[in-house]
Every structure is written in structure tokens, then in C-alpha cells.
Amino acid sequence: MLFKLKSALAAAAVVAALVGLAGGATAQSGEPIKIGFSMAMTGGLAANGKSALLAQKIWEEDVNAKGGLLGRPVKLVYYDDQSNPSTVPGIYTKLLDVDKVDLIIGPYATAQMAPAMPIVIQRNKVFVTLLGLAVNDEFKYPNYFAMIPSGPNAKPAFTKGFFDTAVAQNPKPQTVAIVAADQEFSRNASDGARENAQKAGLKVVYDKTYPPTTTDFAPIVRAIQATNPDLLVICSYPPDSVGMVRAINEIGFKPKMMGGGMVGLQATALKVQLGPMLNGFVNYDFWLPVPKMEFTGVDALIKKYQARAAAEGVDALGYYMAPFGYAQLQVLQQAIEATKSIEDKKLADYIRTNTFKTVAGDVKFGKDGEWAQSRVLQIQFHDVKSNDVEQFRTMNTQTVVTPAEYKSGDVVYPYEKAKN
């Protein structure tokens with residue numbers, strides 16, 4: 001009888017231990033931490049949006065392979081905003097009210113972020129965004145953080161390096177034309193270009209916007225050409241960036257330097273499409289594989305990304321979007337790990353006051369949630385011989401001309417010299 005009792009107690013102990021282990025495993029895996037956002041997967045912004053999304057999915061896999069966050073897996077919940085700002089409020093409302101996500105992050109692009117802001121502010125959510133220019137200038141929302149290296153004076157930052165490079169030439173250029181799409185990002189960038197032109201003592205001889213639906217850019221280029229500017233600053237979105245490059249080449253317009261704020265010329269597919277037509281253009285970028293930008297983890301990310309790019313149907317190289325899509329979530333990850341919390345207020349307070357080690361370099365936020373220090377590159381295309389992708393994999397056809405700490409060579413000036 002005693003033996004049976006001991007056996008029963010031993011069996012009960014084993015069962016209890018197994019239950020405890022199972023309970024511990026359940027507690028450790030738990031419900032996933034759901035992070036919601038919209039992303040441009042179709043429409044004019046899709047080339048960049050899909051590239052960012054692959055990097056974000058790689059982050060999700062990397063974090064879960066290491067045990068998740070707070071002992072819970074992470075799960076990204078996202079919807080296609082179709083590159084259409086009017087879809088964004090509905091998506092973020094659904095994420096919060098129907099999907100019940102724990103946290104949200106920003107979509108890609110200025111025009112997509114702005115319509116999300118009223119919902120974010122109303123719900124008092126922490127909001128780490130992806131490549132949006134001066135979105136918080138008007139809102140002044142304290143829990144907004146911009147994953148874009150434009151810095152504390154965001155609007156002029158996009159073209160400051162362009163103007164700095166131009167006015168250092170001899171003879172110094174005297175006149176500038178500014179043309180921009182009538183959309184949020186490009187209006188902000190052209191405001192900054194105007195400010196830079198004034199500081200540089202340049203005369204603005206043309207300053208106009210065009211509708212986002214424009215498809216024929218030849219009349220615009222001819223009107224600019226008639227003013228005979230030394231410099232041309234273009235602030236555009238991907239479809240119109242392509243249209244402007246084509247029209248400039250077809251018409252044979254040759255100012256001394258042009259580019260500045262053209263979204264899309266960073267995308268590998270558009271580089272390949274335009275090929276030698278890019279030669280001579282000087283334009284912004286955020287990251288390229290130059291030795292001075294080999295930040296911790298970025299090489300591993302780019303290798304993983306490029307191995308999957310063809311199957312995912314995204315940008316073949318990923319240089320523009322991948323580091324920032326991954327780093328956007330690294331900021332949130334490091335805040336969660338440090339605070340051991342997913343409470344928006346705790347996360348925002350931590351993000352506001354700390355420096356983050358990311359694949360895009362060290363990130364510290366300052367005024368209005370912008371980077372405390374600007375790091376916008378200006379690069380020049382040169383020696384592009386064909387429409388082959390491999391020539392863009394290395395730095396043989398692109399030179400970082402500014403800022404000095406990341407510079408990889410000198411600008412070829414005037415434009416016509418780099419064109420030939």
C-alpha cells in the first residue's frame with residue numbers, strides 16, 4: 001500500500017513538473033507582439049515600399065530566431081496602401097480597432113505618413129516612421145520619430161549638399177531653377193531648396209510646381225531651359241523623376257549641375273531602366289556600400305536581402321530602402337528590450353533620450369523627432385555604359401560627393417563633362 005502511495009505521489013510530481021514546463025513554455029512563447037503598419041506595395045511608390053518590406057520581414061525572422069521580444073514572438077501586420085494617401089487613415093484605424101495590434105510604425109513616404117498622424121496623435125501611440133520629410137513640423141507630436149537622416153533642419157537638408165558642392169565650383173554658379181511635384185515631400189524639399197539658394201546668394205530664375213498626374217515633362221523642361229539657369233534642382237517622386245530624366249536627355253538640356261531631390265533614382269530598377277541617361281546627375285541618397293558606411297550588421301542584412309530579392313520581386317540591390325526598413329524596427333526593438341515594456345509612453349520616453357546602434361549607423365533623435373544630426377548624401381552618376389544591373393552593385397558608377405566624412409570622390413563639373 002505504501003509502495004502504491006509513493007508511486008502515485010511520484011507520478012503526480014512528474015505530471016506537475018510536465019504541466020509546469022508546458023506552462024513555462026506557453027508563457028515564454030505567449031501571444032505575439034503585433035506591430036502594424038501600411039506599406040506601398042502597389043502604385044507609384046511600390047518599388048521602394050516592397051524593398052523596405054523585405055528588410056522588415058528579415059528583421060522579424062532574425063528577432064524570432066533569437067527568441068522574440070520579452071519572451072514573445074513578434075508578428076508584423078501590414079496592408080497595401082496602394083501608394084494612395086487616402087487609404088492610410090482606414091488602414092491604421094483597422095490595425096488598432098480590428099487587428100488590435102500592440103504597436104504601430106509608420107508607412108513609407110511623406111505623403112503616406114501625414115494622413116496617419118491625426119490617428120496616431122488621437123491614440124497617443126509611439127510612431128517610428130520611414131523616410132518622411134518634415135512630417136512633424138506642423139504637428140509637433142512628441143512621440144513621433146523619423147527614420148530618415150535629414151536631421152534637425154529637415155527641409156533644407158535634402159539639397160544642402162547639392163548647393164554646397166555647386167557653390168564651391170569655379171566660376172561659382174549664379175542662377176538656379178527649382179521645379180517640384182505638387183505633393184507633400186516635394187513641396188517640403190523645394191521649400192528647403194529655396195532657403196539654400198538664398199543662403200548661397202543665387203538668383204532663382206524659375207520656381208514652379210507641376211501636378212502629380214503629369215506624364216509629359218518636355219514642356220516643363222523647355223520652359224526651364226528658356227530661363228538658362230546654371231543649376232536645376234528637381235524635387236520629384238519616382239514616376240516623374242523618370243519622366244524628367246528622359247525629357248532632359250531628349251531635349252539636350254545641359255545646365256552646369258542638376259538633380260538634388262529626386263526620389264526614385266536610388267531604386268535599382270530605375271537605374272537600370274535609365275542607364276546612361278543618368279550620367280552627370282547629382283542627387284540625394286542615404287546609404288551606399290562605401291567603406292565609411294559599413295555599419296555593424298548592414299553587410300549581413302544586404303546579403304540576406306539580395307539572396308531573396310529576385311524571388312520576392314523587389315529591388316535587386318536594396319541599398320536605398322533595406323537599411324532603413326530594418327533600422328526602423330531595430331529602434332523599436334531596442335526600446336522594448338531596454339524598458340521591458342510595450343507601453344507607448346515608456347517606449348517614447350526611451351527613444352527620445354537614447355542612441356540606437358542600427359544597420360543604418362548610430363541614430364539619435366532630436367527636435368520634432370528628427371535625427372539629431374543630418375547625414376544626407378549627394379551622389380553623382382558617371383560612366384554608366386549600359387542598362388546592366390551589375391554596374392550599380394559596386395561604386396564604379398556612383399560617387400559620394402558630400403558630406404565630407406562619407407565622400408568617395410570629387411564631383412565632375414559641369415554636367416556636360418560627366419555626360420560625355
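The values are calculated or read from the model by the stated rules, or taken from the named source; none is laboratory data. As the structure is a prediction and not an experimental result, all values here were calculated from the model. Please note: Cβ atoms are built from the backbone with ideal geometry, for glycine as well, and neighbour counts cover all protein chains shown.
Quick look at the numbers
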{"read-out": "Pairs where the first residue, in the stretch 342-353, is closer than 18 Å to Ala327 by Cβ and the second is among the hydroxyl-bearing types (Ser, Thr, Tyr) and modelled with pLDDT of 95 or more, C-beta under 8 Å, 6+ apart", "value": "Leu347/Thr339; Leu347/Ser341; Tyr350/Thr339"}
{"read-out": "Pairs where the first residue, in the stretch 119-141, is on the phi > 0 side of the Ramachandran plot and the second is in a helix (DSSP H, G or I), C-beta under 7 Å, 6+ apart", "value": "Asn124/Asp344; Leu131/Phe324; Ala134/Ala154; Ala134/Lys155; Ala134/Asn188; Lys140/Asp368"}
{"read-out": "Enumeration of residues in the stretch 331-371 that are touching a strand residue (DSSP E or B) at 6+ places or on another chain (Cβ under 6 Å), under 15 Å from Pro152 (Cα atoms) and acidic (Asp, Glu)", "value": "Glu370"}
{"read-out": "Residue tally, condition more than 21 Å from Pro149 (Cα to Cα), surrounded by 15 or more Cβ atoms within 10 Å (Cβ to Cβ) and of a type in the set (A, V, I, L, M, F, W, C), over the stretch 282-321", "value": "3"}
{"read-out": "Residue in the stretch 184-193 that is in the same structural domain as Gly36 (by TED's automatic domain parsing), closer than 28 Å to Tyr406 by Cα and polar (S, T, N, Q) present", "value": "no"}
{"read-out": "Index of the failed condition, Gln266 passing every other in (1) surrounded by fewer than 17 Cβ atoms within 10 Å (Cβ to Cβ); (2) part of a loop (DSSP other than H, G, I, E, B)", "value": "(1)"}
{"read-out": "From the options Ala166, Ala177, Ala181, Ala134, residue that is crowded, with 20+ Cβ neighbours inside 10 Å, among the small types (Gly, Ala, Ser) and in contact with a Gly (Cβ under 9 Å, 6 or more places away or on another chain)", "value": "Ala134"}
{"read-out": "Matching residues, the stretch 82-102, being in contact (Cβ under 8 Å) with a residue 24 or more places away in the chain, out of contact with any Pro (no Cβ under 6 Å at 6 or more places or on another chain) and closer than 29 Å to Pro238 by Cβ", "value": "Gln82, Ser83, Asn84, Ser86, Thr87, Ile91, Tyr92, Thr93, Leu95, Val101"}
{"read-out": "Selected residue (criterion: surrounded by the most Cβ atoms within 10 Å (Cβ to Cβ)) from residues of the stretch 97-131 that are under 21 Å from the mean Cα position of the chain (by Cα) and polar (S, T, N, Q)", "value": "Gln112"}
{"read-out": "Flag if Phe127 is among the hydrophobic types (A, V, I, L, M, F, W, C) and assigned by TED's automatic domain parsing to the domain that holds Met257", "value": "no"}
{"read-out": "Filtered residue count, the stretch 192-243, keeping only those that are surrounded by fewer than 18 Cβ atoms within 10 Å (Cβ to Cβ), part of a helix (DSSP H, G or I) and touching a helix residue (DSSP H, G or I) at 6+ places or on another chain (Cβ under 7 Å)", "value": "3"}
{"read-out": "Single unsatisfied condition, Lys155 versus (1) surrounded by fewer than 23 Cβ atoms within 10 Å (Cβ to Cβ); (2) at pLDDT 95 or above; (3) closer than 25 Å to Thr353 by Cα", "value": "(2)"}
{"read-out": "Condition broken by Tyr78, with the remaining ones in (1) surrounded by 15 or more Cβ atoms within 10 Å (Cβ to Cβ); (2) modelled with pLDDT under 95 satisfied", "value": "(2)"}
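Residues checked against (1) within 21 Å of the chain's Cα centre (by Cα); (2) assigned to a helix (DSSP H, G or I); (3) of a type in the set (S, T, N, Q):
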residue: Glu138; (1), (2), (3): yes, yes, no
residue: Lys155; (1), (2), (3): yes, yes, no
residue: Phe163; (1), (2), (3): no, yes, no
residue: Ala166; (1), (2), (3): no, yes, no
residue: Gln169; (1), (2), (3): no, no, yes
residue: Ser186; (1), (2), (3): yes, yes, yes
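Conditions (1) of a type in the set (Phe, Trp, Tyr); (2) at positive phi; (3) touching a Pro at 6+ places or on another chain (Cβ under 7 Å); (4) free of Cβ contacts under 8 Å to residues at least 40 places away in the same chain, marked per residue:
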{"residue": "Asp240", "(1), (2), (3), (4)": "no, no, no, no"}
{"residue": "Ala247", "(1), (2), (3), (4)": "no, no, no, yes"}
{"residue": "Met258", "(1), (2), (3), (4)": "no, no, no, no"}
{"residue": "Gln273", "(1), (2), (3), (4)": "no, no, no, no"}
{"residue": "Gly280", "(1), (2), (3), (4)": "no, yes, no, no"}
{"residue": "Asn283", "(1), (2), (3), (4)": "no, no, no, no"}
